[in-house]
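Accompanying notes for the structure given below.
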Amino acid sequence: MAISCNTKHLEVEIYETSEEGHKLSPVLPINKVGDGTKIILLPDNQYQTITGFGGSFTESSASLLNQMGEENRRKIIDAYFGPDGAQYSLTRTHMNSCDFSLSNYSYAPVEGDVQLEHFTIEADKDDIIPMIKKAMMASKDGFKILSSPWTAPPWMKDNKDWRGGKLLPDYYDTWALFFSKYVDAYKAEGIDIWGFTVENEPLGNDNNWESMHFSPAEMTHFVQHFLGPKLEAEGKSHIKILGYDQNREHLKDWVDEMFQSEESSKYYDGTAIHWYASTFEVFPDALRYAHNKAPNKHLIQSEACVDAQIPKWKDDTWYWSKEATDWGWDWAPEKDKHMHPKYVPVFRYARDIIGCLNNWVDGWIDWNMVLDRQGGPNWFKNWCVAPVIVDPTKDEVYFTPLYYTMIHFSRYIRPGAIRIGFENSNRDLQVTAVKNPDGNIAVIILNEHSEAKIFSLVLDENTIPIKIHGKSLQTIVIPNESDKG
């Protein structure tokens, strides 16, 4: 139940997740003013329109869901998609297998089948598709699906391998047809695809798991002359095409190529990015550059997770502690090691989402929704952390603090919301704010410090004093004036 207070006609609802143990808990405003810190909302200063927030349907997550008891399966789906849960609105899934699959597989298994007469999504029908359908039934407002290939089948590539290599030009037509066939196959299952990324991590991943390499010029050539025209010719031009789909540190090189001319950018609807280049650097300059290069196109964070880390089971304290490491902790080049210190998982999520929103990103997608206690299953043993961890042998579920962190954004910032301006006089607090389609304003505040902070939230001539506890994340909702009474 929301707790509200009316001071000078500014009514608010406050929800907090904290190291102390709050988990999206309602809290009351306070009666005293603090040290003069003010967060002044500027709703007339408007920026990007929000596409959504969410996580990813992987074979790993879906197979684990299948192993849980019916009650816990329903509990997890409702937690992510139900009206009392995170209300995810933007999701992702993989086309063909990825590292978070149980094995290598392709929808085009027959070598030389250039017309894809043997195309089949049968591999998804036991797990990914049922999980998506359960989510669709639980979701009141629905959600968008962004689909990404990790690789074409080996027979289409120059190295004939699942890992690395490039798509042979002779198969560009076939690979474009593959995307169109995928849309039709999922449509036949009652599932609409909102968009594609052209290739997950086109710079490669050292041949560790499924991958395929594109240069910026090669990807743009494929989109401009093959994928875009194919979707257009088959009445699918409404489906979004996002380029790049890797770390922000190389973003400039890609958007310069993608959006260099009207012809090169015609079929691109935006750019997808990942966060793995650093545990704390948001790369605001790169994000702003990408927005300025294509201000009317999407800029979506398509993948993020606490990577190369085995989850801690039922240990909330770990998620609030500076103990997590990532791939770069062990073997980043010396010049990049400063980008990969130990970090606090909750802070990494919240800080990154706030930083992304404040620099023109319009969607943010987490990686796996569900993993097991090992951080898998993953055929390459590339362990990661998910907001929900399960033990299928005991039919137990653990909602980590990362789950509650995601809700602060996904439930209270709805698709169609517009980011608005603000003034923040306290650099210890990280802030973002939006105006939702229903007129409600949502303000999200992160306090990474151990000490509580008191500030005045100001909208027009109205003020209310609020306390945010140490090491906590807070969402403040200001209801639409027209909804009152």
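Using the Karplus relation 6.51 cos²θ - 1.76 cosθ + 1.60 with θ = phi - 60°, the per-residue 3J(HN,Hα) values for the stretch 234-246 come to 9, x, 10, 5, 6, 7, 6, 10, 10, x, 6, 6, 8 Hz, with x marking Gly and Pro.
The translational diffusion coefficient of the chain, from Stokes-Einstein at 20 °C and 1.002 mPa s with a Kirkwood hydrodynamic radius over alpha carbon pairs, comes to 93 µm²/s. The phi-based Karplus calculation (6.51 cos²θ - 1.76 cosθ + 1.60; θ = phi - 60°) puts the 3J(HN,Hα) values of the stretch 141-157 at 9, x, 8, 8, 10, 9, 10, 9, x, 8, 6, 6, x, x, 5, 8, 10 Hz, whole numbers, x for Gly and Pro. Output the 0 to 90 degree angle, nearest 10, between the alpha-carbon long axis of helix 401-410 and the longest principal axis computed from the alpha carbons of the chain. The two axes meet at around 90 degrees. The value obtained for the stretch 275-369, namely the Cα convex hull volume divided by the number of residues, is 100 Å³ per residue. Apply the a/c threshold of 1.5 to the C-alpha gyration tensor of the stretch 48-110 and tell me whether it is rounded, prolate or oblate. Oblate. Output the 0 to 90 degree angle, nearest 10, between the alpha-carbon long axis of helix 128-138 and the longest principal axis computed from the alpha carbons of the chain. Compared with the principal axis, the helix lies near 30 degrees. Computed on the Cα trace of the stretch 125-223, the radius of gyration divided by the Kirkwood hydrodynamic radius gives Rg/Rh = 1.02. So which GluC sites (Glu not before Pro) in the stretch 434-484 are both in a DSSP loop and have at most 13 other Cβ atoms within 10 Å of their Cβ? Taking the stretch 434-484 and a limit of 13 other Cβ atoms within 10 Å, the loop GluC sites (Glu not before Pro) found are GLU451, GLU461. Between amide H atoms placed 1.01 Å from N, distances below 5 Å from ASP372 occur with VAL390, all of them 5 or more places distant or on a separate chain. Within the accessible area of the chain, the carbon and sulfur atoms contribute 46%, probe 1.4 Å, all protein chains present.
Helical runs assigned H by DSSP (4 residues or longer) give the chain a calculated mean residue ellipticity at 222 nm of -6500 deg cm²/dmol, each run adding -39500 (n - 2.57) before division by the residue total. Please work out the C-alpha center-to-center distance from the stretch 141-185 to the stretch 263-319 and express it in whole Å. Here the answer is 22 Å between Cα centres. The Rg/Rh ratio for the stretch 196-330, using Cα coordinates for both the radius of gyration and the Kirkwood hydrodynamic radius, is 1.04.
Listed cross-link partners LYS160/LYS297; LYS337/LYS453; LYS144/LYS230; LYS38/LYS297; LYS314/LYS471; LYS144/LYS181 are compared with a 25 Å cut-off, the Cα-Cα value being larger for LYS160/LYS297; LYS337/LYS453; LYS38/LYS297.
Normalised by 2.2 N^0.38 Å, where N is the number of residues, the C-alpha radius of gyration of the stretch 329-485 stands at 1.23.
Taking all protein chains into account, the per residue accessible area for the chain stands at 39 Å² (1.4 Å probe).
Expressed to the nearest 5 percent, the antiparallel share of DSSP beta bridges inside the chain is 60 percent.
Non-local amide H neighbours of MET95 (under 5 Å, H modeled in plane, Pro and chain starts lacking H): which ones? Under 5 Å from the amide H of MET95 lie the amide H atoms of SER148, TRP150, each far enough along the sequence or on another chain.
Report note on the peptides 301-307, 230-236, 370-376, 280-286: ranked by the mean count of other C-beta atoms within 10 Å, highest first, their order is 301-307, 370-376, 280-286, 230-236.
Between 0 and 90 degrees, the angle of helix 284-293 with respect to the longest Cα principal axis of the chain falls at about 60 degrees. Converting the Cα gyration tensor eigenvalues of the stretch 30-135 into ellipsoid dimensions via √(5λ) gives semi-axes, longest first, of 42, 21, 11 Å.
Here the 3J(HN,Hα) profile of the stretch 442-447, calculated from phi with Karplus coefficients 6.51, -1.76 and 1.60 at θ = phi - 60°, is 10, 10, 10, 10, 10, 10 Hz, Gly and Pro shown as x.
Annotation for the stretch 398-474 versus the stretch 201-236: alpha-carbon center distance of 38 Å.
The values are calculated or read from the model by the stated rules, or taken from the named source; none is laboratory data. Source: prediction; values computed, not measured. Ideal geometry is used to build each Cβ from the backbone, glycine not excepted, and the neighbour counts take in all protein chains shown. Note: accessible area is taken over every heavy atom of the protein model, side chains too, but ligands, DNA and RNA are not part of it. Shrake-Rupley method; radii C 1.70, N 1.55, O 1.52, S 1.80 Å.
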